[in-house]
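The numbers here are math on the coordinates, done by the rules we state, and not lab data. What you are looking at is a predicted structure, and each value in this text was computed from that prediction instead of being measured. For neighbour counting, all protein chains shown are included, and Cβ atoms are generated from backbone atoms with ideal geometry for every residue, glycine included.
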Amino acid sequence: MRQLLLLAGLLAAAGGREVWMQYNPGWNGSSVNLLHVRAVGPNDTLHYIWSSIGAPAVLLVVTEGTSSALHVNWTQLLSPTPDGAIRIEPAGSVVYSTAVVFTKVFEYSKANVQEEVFYPTYDLSDFSWDSVNRTLNHTALTAEFVGGPATDPSGSFSNGSLAFRVTAYETSGRDETLPSLLHTANSSKVEFVLAGAAPRGNSSWFALEVATVEEAGVVQRLRLARSIDDEYTPTIFETFSLVAESRNDSSTLSFLQWKATAYGSQAPKREDSIQCHSGSLKAANWTLPRSSIVLAYFGEGVGSTYTISAVNISFGGEDGNIYEEKRYLSWSALLGFGQPPKDTFSPLVISIMAVALGTPMVLLVVGSCVVLFAQGKRYTEYEPIN
Amino acid sequence: MAEEERALLGSDGGGGAAGPARRLSPCHPQRLAHRLLVLALMCFLGFGSYFCYDNPAALQTQVQADMKVNTAQFMALYAWYSWPNVVLCFFGGFLIDRVFGIRLGTIIFSIFVCVGQVIFALGALFNAFWLMEAGRLVFGIGGESLAVAQNTYAVSWFKGKELNLVFGLQLSMARIGSTVNMNIMGWIYSRVQHLLGHSGHSTLGITLMIGGITCLFSLGCALILAYLDKRAEKLLCKEQGKTGEVIKLTDVKDFSLSLWLIFLICVCYYGAVFPFIGLGKVFFIEKFRFSSQEASAIDSIVYIISAPMSPVFGFLVDKIGKNIIWVLCAVVTTLAAHIMLAFTFWNPWIAMCLLGVAYSLLACALWPMVAFVVPEHQLGTAYGFMQSIQNLGLAIISIAAGVILDTRGYLFLEVFFSACVCLSLIAVVMLYFVNHLTGGDLNWSARKRQKLQKVAATEAEEQERLRRQNEDDLAKLRPKADDFSFRNKYLSKLGAQLPDNYSSYLSTMAHRSVLK
C-alpha cells in the first residue's frame, strides 16, 4: 500500500499538485493559529497542518484519494485534553503520518572552547503568537507565524521576534534566494527566522531543538550527505536529512532536509552565511507540551506507540559575534513525503566541461590528420631523378 | 695576431690575480667568502617581496571578516599588485640601465616594497580598504622590478655555470619566503589577537606591520649590497651591471604565431595557478574540512615542491630538450589536479603535489622556448611583453575568480580554472602542430640542437677563415708604394739573390718570435 503511494507520490512530484491554504477552518477567532495546507495530487493528498498552539509544530498526513478532509474539534483542541481533536476523514485513507515540533531555542556562549555557558532557555510553548491571517498569501502560498516570549524578563525580544515562515509548493523547482533548496511538489519549506532579538552575551550561539514523532515501524535517521556540488549554495557542501524509513523495506517515507548553513540577512549573499552544526539524533522520551496538536492527532499514546526523537541544530560564527552584528538569523528546511530531492550539476557546468575537455581532443585528432596528410603530400612531390 | 695579443693580456691579468706573488685581502671582492656573502644578500633581497606578496592568501578569512569584504573585493588586492606591472615590465630594464643604475634602482624598488607594505598595513589599521588596495599598488610597483634588479646583480657578479646555480638559489629563496608566509601569518594573527583580546581591523593591521619587517630586512640587504657593489667597482674596475635589455615595441608585429601561442599558454596557465593559491586556503577549510594550519600547509606545498624541483627540472629539460612535450605534460598534469579537486573528495595532498611538480616543470620548459623562437635583438621585448600580458591576465582572472566564488561557489570556480588550463592545453596542441608543420625547432631534443649549433659554429668559423684569407690575398695582390718594395720588385724581376734583410717573410717571422 505504502509502496504504491510512494510511486504515486513520485508521479505527483513530476506532475505537480494543487494547493489550498485554510486559516483556522471552522473557527472565527484569530487568537490561535492553525494553518491547513492541502496539496492534492492525481492519486493522493498531502495535508500539512501548521500550528502555534503550544509549541509550533507541523503535522504531515498522507492520504490516498483526493477527497480526504480535515475535521477539527475546536473546543476540545483548546481544552486541556485535546486528544483526538484533529481527525482526517475518512480515517481509513490515511497512509502515513508524522509530525515535526520545534520545542526550544537555546542560547549559549562559547567564550571558552571547553565550556559552554547556557543562558535561560526560550521555551517555544510559552511564546505568544501574532495572527497568521495577516501574513497569509494565497498566490505566493506563504504564511508567517511571528511571535515573542509571553514573559521577557531580559527584554531581549523588545525589538525583535521569532518567526516560522511556511511556503507550500505546487511544482518542483528551486528557490531563488539562498540556500536555494531544490523542492518538489511533495514538499514544503519551513524557515526559522530570528530577527532583532538581542543576544544575552558577547559571543552567543543559538540552538533550535527539533523533535519528530514517528509511528511504530518507522525508524528515524539523521544523514549527512557531502556533495562536490555547491553551485546553488556557494561554499556549502553538506546537506543534513532527517529521514523516516520504514522498518520493513527501508523505503524513505518522509524527510526533513536542510543545508548546513544559515544566513544573516533578508537578501542573503554568500558572505552572510552563518555556520550551522547539527547534534546527533537522540530519543526523547519526555512529554511534549500538552496543548500541542501532536497530542490532538496522535492521542495519548504518543509517548509509547509513537517514537519521539530530537536533534539540536546550532547556529553561530567562529568567534560568536556574527549574530551580534547582523541581528538576523534565517535557517530553511524542507519537509516532505517520499525521497528527498537530490541536487544535480547544472547544465552550464556540464556544457563547459564538455567543451573544455572535448576541444583539445578534437584538435589533436584534426591536427594529426593534417600532419599525416601534409607528410603524404611531401613524399608524393618527390620524383626519382633517374 | 690581434687575438693573440688579447689572449696574452687576458692570461696575464688572470694569472696575476691567482699568482702567489699577489695576496688578496679577505675582503677583496674576488674572494670566495666575499662572493658568498654577496650571494646571500642577493637571495634575501627578494625574500621580503615574496613573503608579503601572499599575505592576503594566508589571512583570507581574517581579511574578509575584519574588513567586511566579499571575495571579489578581496581578490582585488592581488589585481592591484598586477595592474602596474602590465606597463612597468617594459620599463624595468630601461630604468635600471639608463635612469637609476643598478644600485640606486634596487634601493628605490626596495623602498617602494617597504612603503607599499606599510600603507597596506595602515589601511587595515584605519579600516580603509581603499588604502589597502593603494598599498598593494605601491607594493606591486616595487615588487616585480626588484626581481629584475636581483637578476641583474646576479649576472654582474657571477658568470657561466655558476649563474644557473645562483638563479636557482634565488628562486628557492623566493619560494621559501612564500612558504614561510603561508604557515606563519595565521599564527602571528592569533598571537596578536590573544594580546589585544579581540579581533578586528587593528589586529589585522598590526599583523601586517609585523610582516612588513621582512621588507625592512630586504631593504637593509639592498643597502649593504649597493655599498659592496660600489666597492667592487672601484677595486676591480668593472662597470656597473646592466640588464642589457632593449625594448622596442615595434618589434611586436614581427612576433611569430608560435610566440603568440606561447604567450597564450603562459597567461592561461598562470591564471589557473596563482589565483587558485590565493583562494586555496579557505577552499581546503570549507570543502575538505581541514584545520587552518593544515590548509595553510597544503596551500604552500606548491611552493615547497618547486624550490627543489625547479633546478632538477631545469637540468632535465636542458639535457633532454623537447620542450613542447614537457609543457604538454605539465599542462595535462595541472588539468588532472584541478579536475581531482573539483569533482572528487580524494585527499587533496595528491592533487596539490601534482600541481607543484607541474608548475615547476612548466616554468623550466616554457620560458626558454621564447629564446628559441625570437631573434636575440628582440628577446628583451619578447620577455617584457610576456610578463606584461601575464600580469594583465592575472589581474583579470583574480577578480573573475572572486566574483565566481561569491555567486557560484567552489565547484564552478574549479570548473573555471579547469577551462583556463584546457585553453592552455589547446594552445600547446596547436603549438606542437604549428611547430611541426613549419619545421620549427622548438621540439628538438637537446642533442640535435647541440649538433646543429656545432655545425652552425664550425660553418661560421669556416666562413670567417675564408673571409680573412680573402682579405690577406687581396692585400698581397695590392701594390705597396714604399721604396723597399720597389727595390724588391726590381731585384726579383732581375732574378738577383736578395740579402736577408730584404726578405719580407723572414722579417715577419722574426717579429713573431719576439711576440711569443
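When the P(r) of segment A:162-253 is calculated, the portion above 22 Å amounts to 49% of the C-alpha pairs. Of all the options A:Asp130, A:Asp152, A:Asp229, the one that moves most in a Gaussian network model of chain A with Cα springs shorter than 10 angstrom is A:Asp152. Summarising the label geometry, the points placed 7 Å from Cα in the beta-carbon direction at A:Val371 and A:Gln22 lie 7.6 nm from one another. With contributions of -39500 (n - 2.57) from each DSSP H run of at least four residues, the per-residue ellipticity at 222 nm computed over chain B stands at -28000 deg cm²/dmol.
On a per residue basis, the convex hull of the C-alpha atoms belonging to the protein assembly as shown measures out at 237 Å³. Dividing the radius of gyration of the alpha carbons in chain B by their Kirkwood radius gives 1.12 for Rg/Rh. Note: relative contact order over segment B:29-239, using C-alpha pairs below 8 Å and six or more positions apart, is 38 percent. Within segment B:300-321, name every residue whose backbone N is under 20 Å away from a label modeled 7 Å from Cα of B:Ala446 along the Cβ vector. The answer is B:306-321.
For segment B:132-201, the calculated P(r) over all alpha carbon pairs, in 5 Å bins from 0 to the bin holding the longest distance, is 3, 13, 13, 15, 17, 13, 10, 7, 5, 3, 1, 0 percent. Farthest toward the positive end of the dipole of the protein assembly as shown, out of A:Thr135, A:Val100, B:Val118, is the Cα of B:Val118, where the dipole comes from beta carbon charges about the Cα centre. Placing +1 on the Cβ of every Lys and Arg and -1 on the Cβ of every Asp and Glu, with no other charges, gives chain A a dipole of roughly 360 debye about its Cα centre. Each of B:Trp130, B:Thr106, B:Met182 was placed along the dipole of segment B:29-239 (beta-carbon charges, centred on the mean Cα), and the one lying farthest toward the positive end is B:Thr106. Based on the Kirkwood approach, the hydrodynamic radius assigned to chain A is 22.9 Å, with every pair of different Cα atoms included. Per residue, the average separation of C-alpha pairs within less than 8 Å and at least 6 apart gives segment A:61-137 a relative contact order of 24 percent.
In degrees, nearest 10, range 0 to 90: what is the angle between the Cα axis of helix A:2-15 and the longest Cα principal axis of chain A? Value to nearest ten degrees: 60. Counting only the Cα atoms, segment B:29-239 fills a convex hull of 114 Å³ per residue.
In terms of Cα atoms, the Rg and Dmax of segment B:286-377 work out to 15.5, 53 Å. Once the chymotrypsin sites (Phe, Trp or Tyr not before Pro) in DSSP loops with at most 10 neighbouring Cβ atoms within 10 Å are cut out of chain A, the longest remaining piece is A:1-285.
Per-residue shielding of A:337-346, expressed as the average number of other chain Cβ atoms within 10 Å of the residue Cβ, stands at 1.
How high is the relative contact order of chain A? Use alpha-carbon pairs under 8 Å, at least six apart in sequence, and give a whole percent.
Once normalised by length, the contact order is 17 percent.
Each helix, a run of at least 4 DSSP H residues, gives -39500 (n - 2.57); summed and divided by the residues of chain A, these come to -5500 deg cm²/dmol at 222 nm. For the residues A:Pro360, A:Pro347, A:Pro149, a GNM of chain A with alpha-carbon springs under 10 Å puts the largest fluctuation on A:Pro360. With R₀ fixed at 56 Å, the C-beta to C-beta distance from A:Val117 to B:Thr438 puts the FRET efficiency at about 0.15.
Give me the number: length gained by fully extending B:Trp260 to B:Leu477, i.e. 0.36 nm times residue separation minus the C-alpha to C-alpha distance, one decimal in nm.
72.8 nm
Dipole of segment A:148-269 computed with +1 at Lys/Arg Cβ and -1 at Asp/Glu Cβ about the Cα centre; of A:Gly217, A:Gly196, A:Tyr232, farthest Cα towards the positive end is A:Gly196. Note on B:Asn127 and A:Arg247: with the Förster distance fixed at 51 Å, the Cβ-Cβ geometry gives a FRET efficiency of about 0.30. Stokes-Einstein diffusion for segment B:107-171, with the hydrodynamic radius set to the Kirkwood value over Cα pairs and evaluated at 4 °C in a medium of 1.567 mPa s, equals 99 µm²/s. This model, with +1 at the C-beta of Lys and Arg and -1 at the C-beta of Asp and Glu, gives the protein assembly as shown a dipole about its Cα centre of some 3480 debye. Length gained on full extension, B:Ile224 to B:His377: 51.7 nm, using 0.36 nm per residue less the C-alpha separation.
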